[in-house]
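Please read the structure below before turning to the comments.
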Amino acid sequence: MSDASLAARSAALDLLRDVLRKSIPFDDAFDAHPELRGLDPRDRGFVRLLTATVLRRLGQIDALIQGSLAKPGLPKATVHDILRLGAAQLVFLGTPAHAAVDTAVELAAARGAEPYKGLINAVLRRIGREGVELAAQQDAGRLNTPDWLWLAWRQSYGIGRTRGIVEAHLHEAPLDITVKADPAAWAERLEATLLPTGTLRRAAGGSITELPGFAEGAWWVQDLAASLPAKLFGDLAGKRVYDLCAAPGGKTAQLVAQGAQVTAVDRSAKRLERVRDNLARLNLSAEVLAADAATWTPDQPADAVLLDAPCSATGAIRRHPDILRVKSPEDIAKLAKAQSRLLAHAVDLVKPGGTLIYCTCSIQPEEGEAQIDRILTRDRRVERLPITLEDLSSGHAGDGNLAELINERGEVRSLPGMLGDLGGIDGFFVARLRRLHD
C-alpha cells in the first residue's frame, strides 16, 4: 500500500473515532484533521466518500461484521473501525477484495493493532465472499436508522412515510444550485435539470468550483428545500429584512438578490466569515452582524424577518449521514427550547403588517409544527399566513408534485422520499406568519 493510500485510510479511521466516539460533526472533524491538507484532492475525496459511506451504512456494516465473527461480541474500538472501513469498501464501494483486505491489515499494523491482523484478514475475506449477497437481503433502511429516530418518525408520519425517509437516506443527495437570474439559460450551461421551483439540479460529484459561473458569482449551492423560505415573502425590493441565524448564507444571498436591504445575524463570528466570503464571490452586499438572535435588538423593526433556527438537522441526513450518529433525543428537547426563545423574540423584530418566516431543516415535529402551535397560542400579535402552491412554483417547469410539500395547515413539510421523480428533497419545515397590529 502506498504512503498516500495508508494516510487516507488512517485519516478515515480518525474521522470515524471523532464522529462515533466524540460526537464531533463530520464536517468539523474533516476540516480540523491536520493530515488531510497534505493529501491530493483525489485522496481527500476518497476519505470523505469512505467515511460517509460507513456512517450512512453503519447498521448494515456492523451486522455483516457481527455475522462474520467466529465468536460473539465485537472487538475493541480501533479494530472494529478498521473492519468497518474494510467492509464499506468491499460491499458498497466496489474496492477489489485483495486491496481492501491488504490495506486493512496494514492499517492495523500501523495503528498498534498487530495482534488482530489475523482476525481482520479472516473477517474481511469472508465479507468479501459473502457480503454483497448478504447486504442485498438486509432491511437496509431500518438497520441504518437508530431506534429512537425510527420510532419517532413512525409515530409522526406512519410506517409508509418512514420507509420513504430511511430509504432516501441510503443515497447521496444531488447537487442543487440557486442562480441569481435566468435559470433556464444556466440550466443549459451547467447541464442541469430545471426544477419547478427554479432550482437547478445536477448529479453529485465533481469539482464545484470548476463549474461554469462559479468564479463569476452567478450561483451558489443550496438544496431545493432550503431555497423555499426566502421565496415566500413576495416583493422585497427596497424592504428591510433581518436574516436571523444566517450562516452559511444561502438565504441571505437570495434575499439580497431579490432587492432587499438585509442584515444577516449569527452568533458565530467564524461562521459569518463564510457568509462574507459567499457574498463577496456573488458580488452581493449585506450588513453582517455577530450577535445572539435571541436577544439582539435593532434600532427599528423590519418589514420581514427570516428565522432559520438552529436545529437537529434530521432533514439533511442524505447530505450529512453523521447526524444519525451524533444526535440524541436530549438534543431535540434542548434545541426546541432554544427555538421557542428565538421565535418569540423574532416576533418583536417585525413591524405590524410585516412577514415572519420560521424554518428548520429538521423533520422532528417538536422543531416545526409544535413551535408554530406554541407561538400562535402565546402571542396574539401573529397569525398564520398559509403557503400556497403558487408560492413555491417558479413557473419555469410546471409545478411537478410540489403540492405534496404543503401540509393541511398551510406550511411546508418536506420529507426525504418526497419528489422522488425529481431526485428527492431534504426534510424541511417552513411556516409563514404575519405580524398584526398591537
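Report yes if Asp308 is under 22 Å from Asp266 (Cα atoms), modelled with pLDDT of 95 or more and among the acidic types (Asp, Glu), otherwise no. Answer is yes for this residue. For the stretch 212-235, which residues satisfy the criterion of being open to solvent by 40 Å² or more (accessible area, probe 1.4 Å) and closer than 22 Å to Ala247 by Cα? Hits for the stretch 212-235 are Phe214, Ala215, Glu216, Val221, Lys231. Contact annotation: residue pairs with Cβ atoms under 6 Å, 6 or more positions apart or on different chains, pairing a residue in the stretch 411-438 that is in contact (Cβ under 8 Å) with a residue 12 or more places away in the chain and among the aromatic types (Phe, Trp, Tyr) with a partner that is open to solvent by 10 Å² or more (accessible area, probe 1.4 Å) and part of a strand (DSSP E or B), are Phe429/Arg413.
Each residue in the stretch 239-267 was checked for being of a type in the set (A, V, I, L, M) and either modelled with pLDDT under 95 or assigned to a loop (DSSP other than H, G, I, E, B) (or both), and 3 of them qualify.
Cβ-Cβ distances below 7 Å connect no pair with a first residue in the stretch 277-305 that is within 14 Å of Lys351 (Cβ to Cβ), a second residue that is at pLDDT below 95, and a separation of six or more residues or different chains. If the condition is being under 22 Å from Val91 (Cβ atoms), touching a Gly at 6+ places or on another chain (Cβ under 6 Å) and not β-branched (Val, Ile, Thr), then the stretch 125-179 contributes Leu143, Asn144, Glu167, Ala168. With among the β-branched types (Val, Ile, Thr) and open to solvent by less than 20 Å² (accessible area, probe 1.4 Å) as the only criterion, which of Thr209, Thr193, Thr197 stands out? The match here is Thr197.
Filtered by the rule that a residue be open to solvent by less than 40 Å² (accessible area, probe 1.4 Å) and of a type outside the set (D, E, K, R), the stretch 46-61 gives Val47, Leu50, Thr51, Ala52, Thr53, Val54, Leu55, Leu58, Gly59, Gln60, Ile61. The requirement of being outside any helix (DSSP H, G or I), on the phi > 0 side of the Ramachandran plot and of a type outside the set (Asp, Glu) is fulfilled nowhere in the stretch 28-51; no residue meets it.
Checking Ala309, Ala336, Ala291 one by one, the residue that is open to solvent by less than 10 Å² (accessible area, probe 1.4 Å) and touching an Asp or Glu at 6+ places or on another chain (Cβ under 9 Å) is Ala309 and no other.
Condition first: part of a loop (DSSP other than H, G, I, E, B), hydrophobic (A, V, I, L, M, F, W, C) and over 24 Å from Phe92 (Cβ atoms). Can you find one or more residues in the stretch 193-206 that meet it? Within the stretch 193-206, one or more residues are part of a loop (DSSP other than H, G, I, E, B), hydrophobic (A, V, I, L, M, F, W, C) and over 24 Å from Phe92 (Cβ atoms).
Once the stretch 236-251 is narrowed to residues that are more than 24 Å from Ala338 (Cα to Cα) and of a type in the set (A, V, I, L, M, F, W, C), the residue that is least open to solvent (accessible area, probe 1.4 Å) is Leu236.
For the stretch 65-81, how many residues are closer than 23 Å to Asp18 by Cβ and in a helix (DSSP H, G or I)? Number satisfying all stated conditions: 6.
One line per residue, one yes/no per condition, for (1) out of contact with any Phe, Trp or Tyr (no Cβ under 9 Å at 6 or more places or on another chain); (2) of a type in the set (Asp, Glu); (3) touching a residue at least 12 places away in the same chain (Cβ under 8 Å):
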residue	(1), (2), (3)
Asp14	yes, yes, yes
Arg17	yes, no, yes
Leu36	no, no, yes
Leu39	no, no, yes
Arg48	no, no, yes
Thr51	no, no, yes
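The condition of being within 27 Å of Asp235 (Cβ to Cβ) and either modelled with pLDDT of 95 or more or of a type in the set (D, E, K, R) (or both) does not hold for Ala291. Checking each residue in the stretch 268-280 for being part of a helix (DSSP H, G or I) and surrounded by fewer than 17 Cβ atoms within 10 Å (Cβ to Cβ) picks out Ala269, Lys270, Arg271, Glu273, Arg274, Arg276, Asp277, Ala280. Note on the stretch 96-145: residues that are surrounded by 14 or more Cβ atoms within 10 Å (Cβ to Cβ), assigned to a loop (DSSP other than H, G, I, E, B) and more than 33 Å from the chain's Cα centre (by Cα) total 1.
The values are calculated or read from the model by the stated rules, or taken from the named source; none is laboratory data. All values reported here derive from a predicted model rather than from experimental measurement. Here Cβ is always computed from backbone atoms with ideal geometry, including for glycine, and neighbour counts include all displayed protein chains. SASA here: full protein model, heavy atoms, side chains in, ligands and nucleic acids out. Shrake-Rupley method; radii C 1.70, N 1.55, O 1.52, S 1.80 Å.
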